[in-house]
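The values are calculated or read from the model by the stated rules, or taken from the named source; none is laboratory data. Since we're looking at a predicted model, the values are computed, not measured. Note: ideal-geometry Cβ built from the backbone for every residue, glycine included; neighbour counts use all protein chains shown. To get the accessible areas, we keep the full protein, side chains included, count just its heavy atoms, and leave off ligands, DNA and RNA. Shrake-Rupley method; radii C 1.70, N 1.55, O 1.52, S 1.80 Å.
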Amino acid sequence: MFDKQFSGVRIRQTFIDFFVERGHTFVPSSSLVPGGDQTLLFTNAGMVQFKDVFLGTDIRPYTRAANSQKCMRVAGKHNDLDDVGRNDTHHTFFEMLGNWSFGDYYKKEAIEWGWDLLTNVWGLPKDRLWATCFEDEKGEIERDDEAANYWIQQPGFKSSHVLFFGRKDNYWEMAETGPSGPNSEIHLDLGPGNCISEHDSGHECSVNLDGCNRYLELWNLVFIQYDRTGPSTLEPLPAKHVDTGLGLDRIASVLQGVDSNYKTDLLSPIMDTVQQLTGHSDEEQAANITPYRVITDHARAAAFLIADGVVPGNTGRNYVSRMIIRRASRFGSLIGLEEPFLAQVAESVIENYGEFYAELTRNRSAIVDNLFREEKRFQRTVEGGVSKLETMLVNTQENDQMSLPGEKAFDLYATFGLPLEITRDIAREQGIDVDEKGFHAAMEEHRLASGAGEVFGVFGEENIELYQDLLKDLVKEDKIGTEGVNYDPYDKYEVEGTLLAIIKDGELVSQANPGDQVEVFLPETPFYIEAGGQVSDIGSIVSVAKPDWEIRITGMRQPSAGVIVHIGEVINGEPSTGDLGFAQVDVQRRQDIMRNHTATHLLHAELHAVLGDHARQAGSLVAPDRLRFDFTNPEAVTPAQLQEIEAGVNHKILENYSLNIVVKPLQQAMAEGAIALFGEKYGETVRTITMGGEAPFSYELCGGTHVGETGDIGTFLITGESSVGAGLRRIEAVTGREAYQLVYRRFILLNQTAGLLDTNPDQIVEKTRGVLEQLDGARKSISSLRRELIAQEFNLILENVPLVDGVAVLTAILPEADGESLREMADRFRQQYQSGVILLASVYDGRPLLIAAVTEDLVARGLHAGELVKVAAQPLGGSGGGRPTLAQAGGKDPSHLNQSLASADEWIKDKL
Ligand SMILES: [Zn+2]
Ligand SMILES: [Zn+2]
């Protein structure tokens, strides 16, 4: 079709350069884990990191952007997993190239540039390109003639190649309400030979026609021009946006003239690595193409996931990581790869993508290590699971059922770690479906939510417009700058300012009364808003002039860009809009928080030093009374390592390093090796915290508040280490005042204990050991005395044993006798009586014990000691057994001992 001079790497770069030359800012891909969005499992489109810009709650320093975004589509609405491996085009992980206009250029430029890039830069034949535009089948929304006309104006574009389609193909909505608009797609005619229905009578090839693969959708241009406020109400947006998406794998396959994404130079090196591992010929590879594709796709996805901190686990994102690794591993076993092999495949992913996505190279050891461990873990469990599944499938077929019950599939997952997706693969190979609804219901019951989320969360739940309009009005009245509230939690703890607005129950009010829960808006605030794990400040706002009023501030939030409100309760007086207030942070609490925040950075650095760079942050809490830090580590941290970490942090505290806080461009900080936190969203410029001067031992991106020197922290003490999921550990610690309190409480306990032991704290261990030895000796003599007592008591009993038909029959309780004493007494009975049966009972350590013995002659008459203890144990809720001549039993409930003896008596009489 054209000269093949485009490597995948070059295509990505030409795209970015093309738009940068046209005034766009290159924005690096955001993490696969969406920052600050709990409702979305994975970043699944280029627009995820710009969502708030479209919603008007985030402002960027640029109005044009270009990027190549890492995306995962594996759960929820956009789920391509089923098709991955079966065809040449579906992937779990993919890169989406995109150019963006935020209220800047619109349809004219977007279409012009798209056409220019495709035809002039990349050389696609003009007469083979088609464009689709929107025409509403319901006639409610205007037809997009604007876009159609721009297409027709492009040099070399055939005017007959504009087609109109309805809402399903050519209208885009973020959610049920919110930004929406028509879109326009560019399709490429691959030629009649690519149609799969070519020979069906009556078939006429066309764009967007199912069962005709002749036209390939390349690029989707979305024009966001409406705000949907209800099912059939659209309001024009004041600022119109452009959002485009072009899949890199697909455009590479076109520009490289190959008929499969797996044959592009992006994926073929990975396919080749798998082939080297199997030793297959090309023919053998072609015969097993599905496993090859699945392994290639999944290894790429797994490498990118682990690089973004998503290690294999049981829930949510971690489950997806586990599932795709296990699925790839199973497909490996279908083509003879028995030993763990994915790490080797992932090496070629890192090789191929590591230059553009430096996180892959940086996390090479974590990727290799996690893949190897997960495959090993899977090998241990899979054999049991698969053979169990095969039995289930045979049963299903024998019962003429076409579907495996969901609970059974869940059972395989819960017991053997066999993911549903693999169960489904295997079942389908035998023509059986899996009841997935039933599976998810069973999973729900076990609280192992699979984590599949909606694409975006619920919008419009709160009235963001109230805050946006409020800000606009205040800016218009010159009461506040265009940037909104001046947020400065770093340099001060208190500020004086006018109450610009009071919000109560979601409404603006001019005055509030004691007891009211309110949100208060000041032009400036020193209160920190919860972010990066650090909790919000609390404090108060009080009146500066008479009459007095006071609002107790319990929290902070930012409902919309530039709008920061203090949440609190009116304690006394009647604060009114326009009053002058004095806002003051609870300083002591804030200083506790700052100690914990700086200590968190020290801990993070020390974890890297002691455990290694794989110990990456996976969540954190910085509160006044403690800090909590979650990180990836395959095993528990040993007591020795914990001690080393704690000592290391305290050493850094005593060295009294100054904190160096600098604001700089994100890309510069990343290039210098700054650590970004997992799941956190960063702007163009970032605040960086370093410690250690010229060669810092800690360098993090952080918006939190910190002490001036590490010495301010006081003391750092680890209070716990625990597991919070597969491969995830948690350390909890205290500093400053709380650390002092902990030491103080421990000292008191130590002194009290030493006092009770009549010694001093330094000798407490030795003294305790001595006391325990004495106690042990005393216990031994008590138990030998008790045995003697029991023996004497038993001697008395033995003299008065009743005879039944010449047979000695004895049932008795010997309180507090242990098992050994009971056996000894039973032996003495048998020595004394030639023919006899005995049942002895006791309560030892609160639990009933039974011993039965029968002389040989009676065994011949059908008396069995084992049966006797069973009968006697029944009322005690216990069981037992033994030889015909000697047996014992235990029970749970000693209160029925008399009943137990009575049933033994009756049984013996019956037998005699
Ligand atoms: Zn066709
Ligand atoms: Zn921090």
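General observations
- Tensor-based shape of the stretch 170-221 (alpha-carbon gyration tensor, a/c under 1.5 rounded, otherwise prolate or oblate): prolate
- Sum of side-chain charges, Ser620 neighbourhood, beta-carbon under 9 Å (Lys, Arg +1; Asp, Glu -1): 0
- Sorted into 10 angstrom bins from 0, the C-alpha pair distances of the stretch 200-346 split as 10, 25, 26, 23, 12, 4, 0 percent.
- R0 of 30 Å, Cβ-Cβ distance Gln13-Arg86: FRET efficiency to nearest 0.05: 0.45
- FRET efficiency for Gln430 and Asn760, using Cβ-Cβ distance with R0 set to 56 Å, rounded to 0.05: 0.15
- Averaged over residues, the count of other Cβ atoms within 10 Å places the peptides 725-735, 258-268 in the sequence 725-735, 258-268, highest first.
- Cα gyration tensor, the stretch 85-174 - rounded (a/c under 1.5), prolate or oblate: rounded
- When Lys652, Lys892, Lys108 are compared by accessible surface with a 1.4 Å probe, the order from highest to lowest is Lys892, Lys108, Lys652.
- The Cα trace of the stretch 801-868 gives Rg and Dmax of 12.0, 37 Å, the first to one decimal, the second as a whole number.
- Of the peptides 478-491, 778-791, the ranking by mean beta-carbon count within 10 Å, highest at the top, reads 478-491, 778-791.
- Shape of the chain, Cα gyration tensor, a/c cut at 1.5: oblate
- 26 Å Cα-Cα reach of Lys70 towards lysines, excluding residues that sit fewer than 8 places from it in its own chain: Lys4, Lys51, Lys107, Lys168, Lys240, Lys263, Lys664, Lys681
- Rounded FRET efficiency, nearest 0.05, which uses the C-beta distance separating Ser201 from Lys388 and R0 of 45 Å: 0.35
- Principal semi-axes in Å for the stretch 268-407 [√(5λ), Cα gyration tensor, largest first]: 29, 20, 12
- 222 nm mean residue ellipticity, helices alone, for the chain (DSSP H n ≥ 4; -39,500 (n - 2.57); rounded to 500): -12000 deg cm²/dmol
- Sorted peptide list for 758-767, 114-123, criterion being average Cβ within 10 angstrom, highest first: 114-123, 758-767
- Among the GluC sites (Glu not before Pro) in the stretch 594-670, those placed in a DSSP loop whose Cβ has at most 11 other Cβ atoms within 10 Å are Glu635.
- Across the stretch 745-892, counting alpha-carbon atoms alone, Rg and Dmax equal 22.0, 72 Å.
- Under conditions of 20 °C and 1.002 mPa s, the stretch 606-746 yields 133 µm² s⁻¹ as its translational diffusion coefficient, taking Rh as the Kirkwood radius over Cα pairs in the Stokes-Einstein equation.
- Across the stretch 120-256, the convex hull enclosing all Cα atoms gives 138 Å³ per residue.
- The stretch between Val804 and Leu190, if pulled fully straight at 0.36 nm per residue, gains 210.6 nm over its current Cα-Cα span.
- Debye log10 I(q)/I(0) for the stretch 481-613, one point scatterer per Cα, at q = 0.21 Å⁻¹: -1.21
- Residue separation of Asp469 and Ile797 scaled by 0.36 nm, minus their Cα-Cα distance, works out to 108.4 nm of gained length.
- Kirkwood-based Rg to Rh ratio, the stretch 478-532, C-alpha trace: 0.99
- Between Ile661 and Ala286, the simple spin-label model (points 7 angstrom out along Cα→Cβ) gives 6.5 nm.
- Seen from Leu849, the other residues with C-beta closer than 11 Å to its C-beta sum to a net charge of -2, counting Lys and Arg as +1 and Asp and Glu as -1.
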